[in-house]
Every structure is written in C-alpha cells, then in structure tokens.
Amino acid sequence: MQVEKIFPQKVRMPRIRKTLGKTNSPYIVSLMQLIGTQSKATIAEWCITYAEMHILPIFEKECHGDFRPRKALSAAREWLAGNVKLAEVKRIILNDCHAVARELDDNPIAQAAARACGQVASVIHVPTHSLGLAFYGSAAIAYNRFGLNETAEKYDQCAAEECAKMEMALRAIAISKVTQNKKNNNRKKALTANKRFGEIGG
C-alpha cells in the first residue's frame, strides 16, 4: 500500500511594498478630509512632530550615525520659523533625505522611514506631501514592529491603526473651520479699522 505524503501548506508571504495604504482606504480618506481643513502651518507642525517622535527613531536605529533625515526635518522647522530660505530647505531634502532613501533598497525599514521624513519635510511647500507620513510612515512602523515576513493583512491592519493615531495627533492641534473663519474675520475687521483710522487721521 502506497502512503501518500502530506506536505504542510506554505503560507505565501507578500512582496514588501514601499508604502502601505491606498488613497481609497477609509483611514486614508478620513485623514485626507481632516488635512483639507487645516492650514499649511498646522499640517507642517503636526507631521514634522509625528515624524520626529515615531519615524526618525526607526531610521536612526537602522542607520546609526546617519543624520540626513533629521537634518531635513530640522531644516523644515527652521523655514517655518523664518530662519532659512525655501530653496535651501529643498536642496537639503533632495540631496540628503531623498538621496539616502535611494541608497537603501536592501533595507525596506530604513528606506520607508527616510522617504517618510523626506515627504514630511516637503510639506512646507506642498501640503499634500503630508500623506507621505501615512503611506511611508505606516510602512516603516509596520516593518519595524513585525519584521519583513508577515502577511499583507497584518501589515494593513497595522497601517490602519497607525493612521488612526496620526489622525488623533492632528485633531489634538487642529483648528476648526469656525475658529479659522472667526480669526480671518477679526483680522479683516482690524485691517479695515486701521485703514479707516488712517484715512481720518490723514
């Protein structure tokens, strides 16, 4: 009697993706809607702070002694403070942060973290780059937490959870549309009053 050999079924592991999440993922849609209500300054402050706290440590753990992503984030902060010109920050982002990402094809964790930092730093001139925090940042966190041999479902679940945390962090500093409109109206009233006062005084 011939005994049939039974082999354990292999679980097919996914190809490592450079980003996690899709533009139509519910958690990305929710984040995009909130981003669309905020000023560039608020968005920049949120994503730079989040990257400094949660993404940059992953990169620097993987690439000890390489401070290029940190330099890009710091340069973006300096621009927000009015201390450097935009052209200088863009040069640092391109020549440092994006450059190091291109060098890391053999390290998906560090590469995702570097790309996230580069996208975040770029928010100062294109606010929609803030979505790079979600796409690349969640990938860096997921791969760092679970390694590179998990299932796609596990990574996607982690991305959803991390993006929910990102949204909570933005909501914590978000300014409502009502508040923004009040501030804008008050500013317009003040300018109008100053103009009228100047006309009367003249």
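Binning the alpha carbon pair distances of region 26-174 at 5 angstrom intervals from zero yields the distribution 2, 11, 21, 23, 20, 15, 7, 2, 0, 0, expressed in whole percent. For the pair residue 146 and residue 106, a Förster radius of 22 Å applied to the C-beta separation gives a FRET efficiency near 0.75, rounded to the nearest 0.05.
Here, each number is a calculation from the coordinates, and none is a lab measurement. Computed from a prediction, not measured in an experiment: that's the story for all the values here. Virtual Cβ from ideal backbone geometry, glycine too; neighbours counted across all protein chains shown.
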